[in-house]
1. Starting from the stretch 198-212, keep only residues that are closer than 22 Å to R132 by Cβ, then list their pairs with residues that are charged (D, E, K, R) whose Cβ atoms are within a distance under 7 Å, requiring at least 6 positions of separation or different chains.
2. Is it true that P167 is under 19 Å from N48 (Cα atoms), of a type outside the set (A, V, I, L, M, F, W, C), in contact with a strand residue (DSSP E or B) (Cβ under 6 Å, 6 or more places away or on another chain) and open to solvent by less than 10 Å² (accessible area, probe 1.4 Å)?
3. Going by the conditions given, is N48 open to solvent by less than 20 Å² (accessible area, probe 1.4 Å), modelled with pLDDT of 95 or more and either farther than 30 Å from E190 by Cβ or in contact with a Gly (Cβ under 8 Å, 6 or more places away or on another chain) (or both)?
4. Tally up the residues in the stretch 102-113 that are open to solvent by 20 Å² or more (accessible area, probe 1.4 Å) and touching a residue at least 24 places away in the same chain (Cβ under 8 Å), please.
5. Pick from K87, K98: which is farther than 11 Å from M1 by Cβ, free of Cβ contacts under 8 Å to residues at least 40 places away in the same chain and among the basic types (K, R)?
6. Could you list, in sequence order, the residues of the stretch 83-99 that are at pLDDT below 95 and either open to solvent by 40 Å² or more (accessible area, probe 1.4 Å) or touching a helix residue (DSSP H, G or I) at 6+ places or on another chain (Cβ under 7 Å) (or both)?
7. Which pairs do you get when a residue that is under 30 Å from S38 (Cβ atoms) and touching a residue at least 24 places away in the same chain (Cβ under 8 Å), found in the stretch 65-84, comes within reach of a residue that is open to solvent by 30 Å² or more (accessible area, probe 1.4 Å) and assigned to a strand (DSSP E or B), reach meaning Cβ atoms under 6 angstrom, with the pair 6+ apart or on two chains?
8. Considering only residues that are over 16 Å from M120 (Cβ atoms), out of contact with any Asp or Glu (no Cβ under 9 Å at 6 or more places or on another chain) and aromatic (F, W, Y), which ones fall in the stretch 46-101?
Amino acid sequence: MIKAKKSYLFRFIFHMYNTNWLLRRSFNSVRLKGKFPSQATASLVLVNHSSWWDGLVSFYLSQTQLTQDSYAMMGEPGLKRFPFFRKIGAFSIQTNSKSSLINSLHYAVSLLKQEKAIWMFPQGKEQHTELRPLRFQSGAAYLLEQVPEVLIIPVTYYYTFLHEQKPELFIEIGKPFQLTLKKRSIMTAELEQIITQQLDKQRDEIKLERLDHYRFLINGQRSISDFIDSQQ
């Protein structure tokens, strides 16, 4: 497996590029509901995975909203292709190799025991945001077996178009919780249910434009339609 190799300077530069060039230019807005816990403790941040943007959004949140030292699992082929992601806290996971998978999970356990935050996409691959049920791999439950005291933070991303030329991104940070140790398959099913319920409720609120609980994190750059409207 490939371990993370963090660089403070690179993280700072990449965060500026990610925020002001990638996200601000690509979205009309990025909005957030909820907040991360303030205490520093072993944390497992579980995020639904429906878009190419998910990793970059997670990195942005880890730099602006979560004060805890963060790491993230990334597919080994992708990390080999873009090794600079090691510098922002990514480490590899390869599900088709049992030995590599075990090494990655052991590395994640060691980070959790140091009270770090691990960002994880338990679906294991991108799936359409409306696909149900959300099918989780068992890796998150394995980490809970090894570090039972870990705090689980459910985070959901919902990408959509409302009334603007560019898409909107809505992020919800759910209430942190802990699970009682059970059979791995049962814990996996419970995690699936919690994330699914949060995502479905979030989707329904956004469809009805009940957005009062969201605050703006990023206002995007003006689009062509914005420019045309301003000339009328």
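The values are calculated or read from the model by the stated rules, or taken from the named source; none is laboratory data. All values derive from a computational prediction rather than experimental measurement. Backbone-built Cβ (ideal geometry, glycine too); neighbour counts: all protein chains shown. Just so you know, the surface numbers come from the protein's heavy atoms only, side chains and all, with ligands and any DNA or RNA stripped out. Shrake-Rupley method; radii C 1.70, N 1.55, O 1.52, S 1.80 Å.
1. If the second residue must be charged (D, E, K, R), the pairs left are Q198/E172; Q202/E172.
2. Numbers: under 19 Å from N48 (Cα atoms): yes; of a type outside the set (A, V, I, L, M, F, W, C): yes; in contact with a strand residue (DSSP E or B) (Cβ under 6 Å, 6 or more places away or on another chain): yes; open to solvent by less than 10 Å² (accessible area, probe 1.4 Å): no.
Judged against the criteria, P167 is not a match.
3. So N48 does not fit the description; no.
4. 3
5. After ruling out the rest, the residue left standing is K98.
6. Applying the first criterion (at pLDDT below 95) to the stretch 83-99 yields 93-99.
Residues satisfying the conditions are I93, Q94, T95, N96, K98, S99.
7. Note: pairs meeting the criteria are M73/I93.
8. Those that are over 16 Å from M120 (Cβ atoms), out of contact with any Asp or Glu (no Cβ under 9 Å at 6 or more places or on another chain) and aromatic (F, W, Y): W53, Y60, F82, F84.
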